[in-house]
Amino acid sequence: MFPDGDAARLLARLQLPCAHCGGAFHEPLTMAAKRHRRDPRSVIETFRALDAGGPDDEQVASALARVV
């Protein structure tokens with residue numbers, strides 16, 4: 001969806017090493033969020049914001065927050 005690299009840059013900004021994981025091609029983003037102790041809903045909403053020119057700093061901070 002984002003051939004210009006926006007999604008890849010967002011993965012890096014969220015500190016998700018999915019680009020370097022062999023399972024990344026077979027694992028949905030929600031599973032990656034859970035694996036890295038992030039709120040899946042926040043991560044998904046942050047990626048959805050790319051369509052509208054986002055995400056903003058608040059969305060990124062929410063997706064970066066670790067959950068227990």
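When only residues in region 32-68 that are surrounded by fewer than 13 Cβ atoms within 10 Å (Cβ to Cβ) and among the aliphatic types (A, V, I, L, M) count, which is farthest from the chain's Cα centre (by Cα)?
Within region 32-68, the first condition is being surrounded by fewer than 13 Cβ atoms within 10 Å (Cβ to Cβ), and the residues that meet it are 37, 41, 48, 51-53, 56-58, 61, 65-68.
Subsequent filtering for residues that are among the aliphatic types (A, V, I, L, M) retains 52, 61, 65, 67-68.
On the way: 52: 16, 61: 11, 65: 12, 67: 15, 68: 18 Å.
Only one residue tops the list, namely 68.
Please go through region 1-17 and pick out each residue that is open to solvent by less than 50 Å² (accessible area, probe 1.4 Å) and on the phi > 0 side of the Ramachandran plot.
5
Considering only region 23-54, how many residues are of a type in the set (Val, Ile, Thr) and under 16 Å from residue 8 (Cβ atoms)? Give the derivation first.
Going residue by residue through region 23-54, those that are of a type in the set (Val, Ile, Thr) are 30, 43-44, 46.
When the remaining residues are screened for being under 16 Å from residue 8 (Cβ atoms), the result is 43, 46.
Within region 23-54, residues that are of a type in the set (Val, Ile, Thr) and under 16 Å from residue 8 (Cβ atoms) number 2.
The values are calculated or read from the model by the stated rules, or taken from the named source; none is laboratory data. For clarity, every value in this text was computed on a predicted model and none was experimentally measured. Positions of Cβ are generated from backbone atoms using ideal geometry, with glycine treated the same way; all protein chains shown enter the neighbour counts. Side chains are part of the model used for accessible areas, which takes the heavy atoms of the whole protein and leaves out ligands, DNA and RNA. Shrake-Rupley method; radii C 1.70, N 1.55, O 1.52, S 1.80 Å.
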